[in-house]
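J.: The structure follows.
Every number in this text was worked out from the coordinates using simple rules, so none of it is lab data. Computed from a predicted model, the values in this text were never measured in an experiment. Neighbour counts run over all protein chains shown; Cβ positions are idealised from the backbone, glycine included.
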Amino acid sequence: MALRQAWRYLLQNHPHDSICGCSIDQVHREMLPRLDQAEQIAELVSERAMQQVTQALNTAQLQDNGTALVVYNPSNWRRSDGLETVLHLAEEEAREFHIVDPTTGQCLPHQVLEISRDVPFEGREDKLNLPRRLEQMKDRMGLRRYEIRREGTTVYLDLAWGVPRTPDDTWDALIADATKQVLGDPSVQHFHLTGKRTAVRIFLANSDLPLLGYRTYVLRPGPAPAVDSTLRAGERQLENESLRVEVANNGTLTITDLASGTVHRGCHLFEHIADAGDEYTFSPAQGATALTSAAAQAQVSLVETGPARATLQIKVDLQLPLGLTAQRRPNRRRVKYPVTSYVSLVPGSRRVEIRTTLTNTAQDHRLRVLFSTGLVAQEVTVDGHFCTLQRPVDPPAGTGWVEQPSRTNHQMAFVDVSDGQRGFALLNRGLPEYEAIREANGQITLALTLLRCVGYLSRPDLLNRPGNAGPGFAAPGAQCPGQHTFHYAIYLHQGTWEQGVLPEAHSFNQPLRATLATKQQGTLPLEQSFLQVEPEQLVVSALKRAEHGQGLILRVYNPTNQAVPARLRWFQPLNAVTEARLDETPLGPATMAADGTFTCTIGAQQVKSFELHRS
């Protein structure tokens, strides 16, 4: 029911003029709480699902006194990837620890990013409330340790919250001690309960995690031994075994593929142009010229370094027009427009990840970031809805068209340029607009739109479209004022987009997750893949309970342009597997082998659904 409610909130934001950003400000303001609630519900459901798996792990086989750390891979590809997470530990554990793979005994590269301490609960109550209060807390959180002391007629209970070493043992001991000292002594009138916790934010480098599954590590107290890492960092340079990233004086990036020797220069150039359009259509202002950061003097500093991740901070100050004049021309007044980007590299990765932050103080403009690929191609490949699409780089001439063709297009998780031998993929999180630009030398530059800022729902005076596309209401909120953060990444590869681009793009959008586990007997092993999926071109888009009955619905699609033979295997025995429509209407039994593997052919850009009937 919770997920259904989250979907309801999300779908309420899907009417035509809501989802595409073409309405009045109030409509878009009302969308934000729905998105917020949908995200909160999804996060809670995800956390509960991880807890259920974690509570079933057989961590008793870990032969030490460390704490189990379980890392989850939500995508259907094996991953060597970084993970940023927050662990709640006891104060003494937070000071020094290391993370070990129990199967190999090797330490994993990790970095402590931040340690914070807070007191989520503190209060003084009548002694008779003690049993109810302790039971409430036991249901909500783990307990690492506790202290009890008395001052006058009040007993003080100081709790250190976190995952206990063994389930319920610490809570049971606390309840017994507190009951004896508070309720068992007539002279005690009150208890004072304080719940403290220490949050440690870490970045952890993982390797070869099981697809749609998890792996268990051990967090051990004590200093971490030296860990071999392929990561190297300088004041203006990052390098691992695959890539070298250098920052030029103007803040652009030069990226070298160390295996092939291919060099991509001039990546990550900011571009501004005055926009006299409306919420529907970009239209350059009369007399506007593009302004870029090519002449900027960037401030570059190494803000993070270690065995698991290195990050360069790049600050660029732009000078942008304040907005448009009453005549819809660029204003001569300028505003200072600082942009800060964080460029990160982790060992074992071919992704250069970028996070850009800014405060938008300009109006009536489009802000993009440009990537010079150095490649010549006639088309690009983009991630679409249950498919990949090939689109020509050169737009149609539009001769005689009522509305001129748009040079920008839609993407989901990536746009890729390839000359057949080498490829340059631009990955993104929630940035759906791109443009492929052919330069004078024939090479392709990719433009990623960060902001389009306009003041009207629709206007009749665009240069590239006759008349209004909708009501002519003012929409000052569409100027997108305030703080913004954008996430995107560069992925270099050999061959075409089929050489790993889609797994990289989807992994970039599906971060790894982690949780701590207690020492316990259980039925699940320390490492598990819940579903095997072959070949790797396939994408699992859903795994959910069936709307009717006790089965599970598995949805898989083939984004390529060729049919592929699919092999899928659930980790537990199945009674049967039924092919189904999207509405879960059965179509007939799937072919299943004795070991539970079920097979089928999935056509080009086809979606298939299966209902798994468990034993």
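J.: Taking amide H positions as placed in the peptide plane 1.01 Å from N, state which residues far from GLN606 in sequence (5 or more) or on other chains have amide H under 5 Å from it.
T.: Excluding prolines and chain starts, which carry no amide H, the hits are ASN558.
J.: Turning to a different aspect of this structure: If the reach is capped at under 19 angstrom between alpha carbons, list the lysines near LYS336, excluding any in the same chain fewer than eight residues apart.
T.: LYS315
J.: Using θ = phi - 60° and the Karplus relation 6.51 cos²θ - 1.76 cosθ + 1.60, list the HN-Hα couplings for segment 401-413 in order, rounded to whole Hz, with x at every Gly or Pro.
T.: Going residue by residue, I get 6, 5, 10, 5, x, 6, 8, 8, 9, 9, 9, 9, 9 Hz, with x marking Gly and Pro.
J.: With the cut-off at 32 Å, tell me which of the pairs LYS519/LYS608; LYS196/LYS519; LYS519/LYS544; LYS138/LYS544 have Cα atoms farther apart than that.
T.: Over 32 Å Cα-Cα: LYS519/LYS608.
J.: Counting only other residues whose beta carbon sits under 12 Å from that of GLY323, what net charge do I get with K and R as +1, D and E as -1?
T.: +3
J.: With r as the distance between the Cβ atoms of GLU96 and LEU128 and R0 = 25 Å, compute the FRET efficiency 1/(1 + (r/R0)^6) and round to 0.05.
T.: Here the calculated transfer efficiency is 0.05.
J.: Counting other beta carbons within 10 Å of each Cβ, put TRP171, TRP497 in order, fewest first.
T.: So the ranking, lowest neighbour count to highest, is TRP171, TRP497.
J.: Can you work out ³J(HN,Hα) from phi for every residue in segment 230-245, in order, using Karplus 6.51 cos²θ - 1.76 cosθ + 1.60 and θ = phi - 60°, giving whole Hz and x for Gly and Pro?
T.: Using θ = phi - 60°, the values come out as 7, 8, 10, 9, x, 5, 9, 8, 10, 7, 10, 5, 10, 9, 10, 10 Hz.
J.: When only C-alpha pairs under 8 Å and at least 6 residues apart count, what is the relative contact order of the chain, in percent?
T.: Here the relative contact order equals 15 percent.
J.: Please determine, in degrees from 0 to 90 and to the nearest 10, the orientation of helix 2-11 with respect to the longest principal axis defined by the Cα atoms of the chain, where the helix direction is its Cα long axis.
T.: That works out to roughly 20 degrees.
J.: Turning to a different aspect of this structure: May I ask for the angle, rounded to the nearest 10°, between helix 130-140 and the longest principal axis of the chain, with both axes built from Cα atoms and the value confined to 0 to 90°?
T.: 40 degrees
J.: Let me ask something else. Only one of the values [x] 18, 48, 28, 6, 0; [y] 16, 44, 32, 7, 0; [z] 16, 35, 22, 13, 11, 3, 0 was calculated from this structure for P(r) over Cα pairs in 20 Å bins from 0, in percent; name its label.
T.: [y]
J.: Starting from the Cα of GLU114, step 7 Å toward the Cβ, then list every residue of segment 49-88 with an amide N under 11 Å from that point.
T.: Within reach of a label on GLU114, which here means backbone N under 11 Å from a point 7 Å along Cα→Cβ, segment 49-88 contributes 86.
J.: Okay, next question. Using only Cα atoms, find the angle between the long axis of helix 25-55 and the longest principal axis of the chain, and express it within 0 to 90 degrees, rounded to the nearest 10.
T.: Once rounded, the angle reads 40 degrees.
J.: Which cross-chain or sequence-distant (5 or more) residues have an amide H under 5 Å from the amide H of LYS519, H modelled 1.01 Å from N in plane?
T.: THR166
J.: Fewest first, what order do VAL556, VAL27 take by the number of other Cβ atoms within 10 Å?
T.: Fewest to most other Cβ atoms nearby, the residues stand as VAL27, VAL556.
J.: Let me ask another. What does the charge count near ARG350 come to, summing +1 for each Lys or Arg and -1 for each Asp or Glu among other residues with Cβ under 13 Å from its Cβ?
T.: -2
J.: Residue-wise, which Karplus ³J(HN,Hα) couplings in Hz belong to segment 460-471, taking 6.51 cos²θ - 1.76 cosθ + 1.60, θ = phi - 60°, and x for glycine or proline?
T.: Values per residue, Gly and Pro as x: x, 10, 6, 6, 10, 7, x, x, 7, 9, x, x Hz.
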